[in-house]
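Taking it in order: structure first as structure tokens, then the write-up.
The values are calculated or read from the model by the stated rules, or taken from the named source; none is laboratory data. Quick caveat, the model's predicted, so the values are computed rather than measured. Cβ coordinates were reconstructed from backbone atoms using ideal geometry, including for glycine residues, and neighbour counts include every protein chain displayed.
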Amino acid sequence: MIPKPARPASVAVLVVTLAFCAPVRAEGDLVRGAQAARTCMACHSFAPGRHMTGPSLAGVWGRKAGTAEGFVRYSDALKRSGLVWDKRNLDAWLKKPAALVPGNAMGFPGIADTRTRADLVAYLEAVSAGRVAARDQGIPNLKAVDTASRVAAIRYCGDAYRLTTADQKTHTFWEFNLRFKTDSSADGPPAGKPVLIGTGMQGDRAAVVFARPEEISTFIHRQCP
């Protein structure tokens with residue numbers, strides 16, 4: 001048997017160096033990851049700077065936890081955590097946020113399935129790197145609604161609100177089923193032109209979104225038919 005020549009030490013060092021320097025990619029299926037991300041979209045947007053209940057997930061890969069620009073509702077626990085969102089930390093966070101950062105404000109129990117987490121982590125990495133375009137299902141552009149959604153007047157009587165929209169139709173809601181919200185983002189409604197958004201499957205619940213909180217009290221008038 002002819003002995004194999006010994007590998008030069010320099011080659012061995014090069015192999016080890018390349019192994020440690022090679023970029024680490026999250027393992028997972030991007031198609032399944034996109035499907036798993038729909039759960040995130042109930043509280044997060046993938047549009048840069050578009051914050052909802054939680055911060056925008058645009059560029060989350062490699063970002064220090066608690067530092068998304070413009071998001072002001074982070075818990076002190078998350079801001080103090082020192083975490084950077086990489087493969088390992090995202091997987092642990094998605095598995096059980098309360099275990100990774102006790103006292104954080106994210107009301108999400110976690111994802112128990114290992115493969116689903118791997119798919120979602122891979123998707124978050126791909127979106128952050130620009131290899132995949134996320135289909136954002138966040139709040140729509142409220143500056144571009146039609147007359148059926150633009151609120152012209154709000155009257156309050158008894159236990160009911162009567163809303164008149166710009167198309168001259170009137171919608172009546174029980175006071176407990178109508179919410180008043182604000183959206184100060186670039187996609188929010190123009191000043192003085194609130195928007196009606198349906199929130200119930202039966203059509204009996206809705207929200208009126210204003211540009212500023214000061215508009216709410218001035219827009220509502222106590223008036224009975």
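Within segment 187-225, the residues that satisfy the criterion of being in contact (Cβ under 8 Å) with a residue 40 or more places away in the chain and assigned to a loop (DSSP other than H, G, I, E, B) are Asp187, Gly188, Pro189, Pro190, Lys193, Pro194, Gln223, Cys224, Pro225. Scanning segment 121-135 for residues that are β-branched (Val, Ile, Thr), within 20 Å of Ala34 (Cα to Cα), surrounded by fewer than 17 Cβ atoms within 10 Å (Cβ to Cβ) and assigned by the TED database to the domain that holds Tyr74 turns up nothing.
Checked against (1) surrounded by 14 or more Cβ atoms within 10 Å (Cβ to Cβ); (2) more than 29 Å from Ala47 (Cβ to Cβ); (3) touching a helix residue (DSSP H, G or I) at 6+ places or on another chain (Cβ under 6 Å), Asp204 passes all but condition (1). Listed by first and then second residue, the pairs linking a residue in segment 91-115 that is at positive phi to a residue that is of a type in the set (A, V, I, L, M), with Cβ atoms under 9 Å apart and 6 or more places separating them unless they lie on different chains, are Gly103/Ala77; Gly103/Leu78; Gly110/Leu94; Gly110/Ala98; Gly110/Ala99.
Only one entry in Thr147, Thr165 is touching a strand residue (DSSP E or B) at 6+ places or on another chain (Cβ under 9 Å), surrounded by 14 or more Cβ atoms within 10 Å (Cβ to Cβ) and free of Cβ contacts under 8 Å to residues at least 40 places away in the same chain, namely Thr165.
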